[in-house]
Structure formats: structure tokens, C-alpha cells
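A quick write-up on the structure given underneath.
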Amino acid sequence: MFNCERCKQKLWTTYKKLPDGTVVCNDCYSFHLTQILDKINDKQAYEIIYNFVEKYPGKYPHDLVMELVRLLEVKYHITIDVFTFKDILKLVHEKIEKENSLIKLAKLERELKREPGKANCCEVCNVELPPSEYEYSMENFGKPLCLTHQREKRASPHALNLYEALKKRNVFCMLEPYGGPKHVDITIKDAKLYVGLDGEHHSLDPDQLLNDLVIDEESFKEGYATKRYTLHEIDHNLDGIADALAEVVKKRIKYIQQQDFVNSKSTKTSKTTIKHRSSEQKEPSLQVIR
């Protein structure tokens with residue numbers, strides 16, 4: 001009998017070992033895999049792995065697995081052993097299976113509810129897609145998805161969980177609205193707030209920490225505040241975080257509206273003053289003729 005070296009839970013029969021030899025329970029090992037998966041997502045390599053699993057569902061050629069591990073190390077600076085990586089592939093495969101199951105059910109529902117003459121609908125929510133959006137989705141995902149569900153497919157599990165929790169609290173937010181070098185997990189536009197979800201390496205890796213500070217400073221110059229949470233915080237207090245964010249969003253929206261009103265009033269007063277001074281300058285001066 002062992003004790004999990006992470007959570008101290010008693011291990012009666014089954015246990016896992018981390019690459020460094022640490023003995024952990026199944027829950028802690030799953031958390032370890034999720035952390036790696038979020039790091040892969042942070043480095044924008046998640047789509048590569050997702051497409052690899054879709055192409056080779058459950059049967060991965062060993063030589064290609066080795067090449068993919070090498071690619072992650074060389075290009076994305078993510079070092080991972082083959083055995084752990086295969087467990088990562090299994091985790092992604094389970095996510096895809098769940099997605100496909102939901103899509104099939106949604107497709108059945110859509111067929112039963114389809115309106116006459118309505119085509120090119122999102123597989124999940126049945127909303128009609130513009131031609132450009134439909135073509136992009138078919139080219140990149142192989143199925144028609146609206147922008148919201150395209151983002152959900154790419155999003156990390158932690159970001160998706162918080163996104164859903166905020167929507168339940170009537171917070172209008174966007175999931176991964178940016179591409180390119182600037183990665184934002186969740187944007188709450190009305191409150192001018194970015195929410196970032198980070199793995200441990202964001203606090204321990206100096207280069208990553210510096211990069212985050214630069215990004216947050218740029219966001220501040222754009223008028224956006226940034227709040228970052230660790231994956232551990234999301235796992236252990238999702239509802240509490242969502243409740244706090246929902247309350248903060250209400251207060252920030254009210255504050256921003258007040259500032260906009262004050263600035264608008266100040267601008268109008270300034271224009272009136274300028275106009276008044278300008279009219280005074282144009283008035284002819286009276287000269288007394290003796």
C-alpha cells in the first residue's frame with residue numbers, strides 16, 4: 001500500500017508514476033496530464049495534436065508519435081516522454097469521441113427541427129452560417145460550425161469550463177477571440193477584462209513570466225485589465241471564481257459607463273468653451289471716435 005505523493009490519498013491497488021518517479025493516484029495523474037495539455041494549448045500546438053488524433057483515431061503509428069514528440073520539443077519547447085504523450089493522445093481522443101457523440105445528437109435534433117429552405121447550419125446550435133464562415137469551418141474542421149463552436153473546439157478544458165460557468169451567470173464573454181501571437185482565453189468586452197488561465201510554467205519559467213507581463217502591459221495600454229488564474233484554482237474553486245468574476249464584471253461595466261458619461265460631458269463642455277472663445281475673437285472691437 002502507498003500514499004499518493006501529491007494529495008496523500010491511500011493507494012490500495014492502482015497507482016501511476018510521473019516521469020520523475022513520483023507515485024500518484026489516478027486523479028493526480030489526470031491533473032498532471034491536463035496541465036501538460038494546457039501548456040500545449042498555450043504554445044499553440046494543440047491543433048496539431050487534435051488533427052493527429054482525428055487522422056489516426058486510437059491507432060497511432062509509433063514512428064509518427066516519435067516525430068510528433070520531437071516536433072513539440074524542437075519547435076514548441078515542450079519536453080514530454082513517449083508514454084506520457086500517448087496518455088495525452090488518449091485524453092484528446094476521448095474528448096473528440098465525446099464531441100462527435102454530441103454532434104450526432106445535435107444533427108438528429110437539427111434534422112427533426114429543420115426549417116424549410118434553411119441550409120449551411122452549425123452542427124451544434126443549428127444557427128445559419130454565412131457562406132464565408134461555412135467554407136472556413138468546412139476547410140478547417142471538416143464540419144459546419146459557427147464562430148462560437150469553432151472556438152470551443154480549440155479551447156482548453158479549463159477555459160471551456162470557466163466560459164460555461166460565466167455564461168450560466170449571464171456574463172457575456174467570448175472564448176479565445178484572438179489568434180496569432182496574442183492568446184486570450186476569455187474576453188469580457190463590456191467590462192474591458194481579459195481572463196487568462198495558466199499552468200505552473202507561467203509562474204516558474206522566467207521567459208514565460210516576462211512574456212505574460214509584456215502582454216498584460218500592452219493590454220493595459222489598450223484599456224483592458226487582465227486577471228490570471230492557475231489551473232489548480234479553476235479545478236478546485238470554479239464556482240467561486242465564476243461568482244466573483246460575475247460580480248466584478250457588473251461593477252466594472254457600471255464604472256466604465258460612468259467614465260464614458262463623464263468624458264462625454266467633459267468633451268461637450270470643452271467644445272462649447274472653444275466655440276464661445278472663438279465667437280468672442282470674431283466680434284469687432286469698438287473704437288471711440290472723438
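Every read-out reported here was derived from the displayed coordinates using simple, explicitly stated rules and does not represent laboratory data. This is a predicted model, so every value here is computed, not measured. Cβ: placed from backbone, ideal geometry, glycine included. Neighbour counts: every protein chain shown.
Values for this structure:
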{"item": "Hits in the range 194-215 (condition: acidic (Asp, Glu) and in a strand (DSSP E or B))", "result": "ASP198"}
{"item": "Exclusive hit being more than 30 Å from LEU209 (Cβ to Cβ) and out of contact with any Gly (no Cβ under 9 Å at 6 or more places or on another chain), set LYS16, LYS59", "result": "LYS59"}
{"item": "In the range 124-142, residue surrounded by the fewest Cβ atoms within 10 Å (Cβ to Cβ) [restricted to those that are more than 21 Å from the chain's Cα centre (by Cα) and within 19 Å of ILE96 (Cβ to Cβ)]", "result": "GLU139"}
{"item": "Residues located in the range 241-258, provided they are within 14 Å of TYR224 (Cα to Cα) and free of Cβ contacts under 8 Å to residues at least 12 places away in the same chain", "result": "TYR255"}
{"item": "Single match in ASP212, ASP207, ASP198 (criterion: surrounded by 13 or more Cβ atoms within 10 Å (Cβ to Cβ), charged (D, E, K, R) and without any contact (Cβ under 8 Å) to a residue 40 or more places away in the chain)", "result": "ASP212"}
{"item": "Test result for THR34, hydroxyl-bearing (Ser, Thr, Tyr) and surrounded by 14 or more Cβ atoms within 10 Å (Cβ to Cβ)", "result": "yes"}
{"item": "Criterion violated by ASN41 - all others in (1) buried (at least 18 other Cβ atoms within 10 Å of the Cβ); (2) more than 20 Å from the chain's Cα centre (by Cα) satisfied", "result": "(2)"}
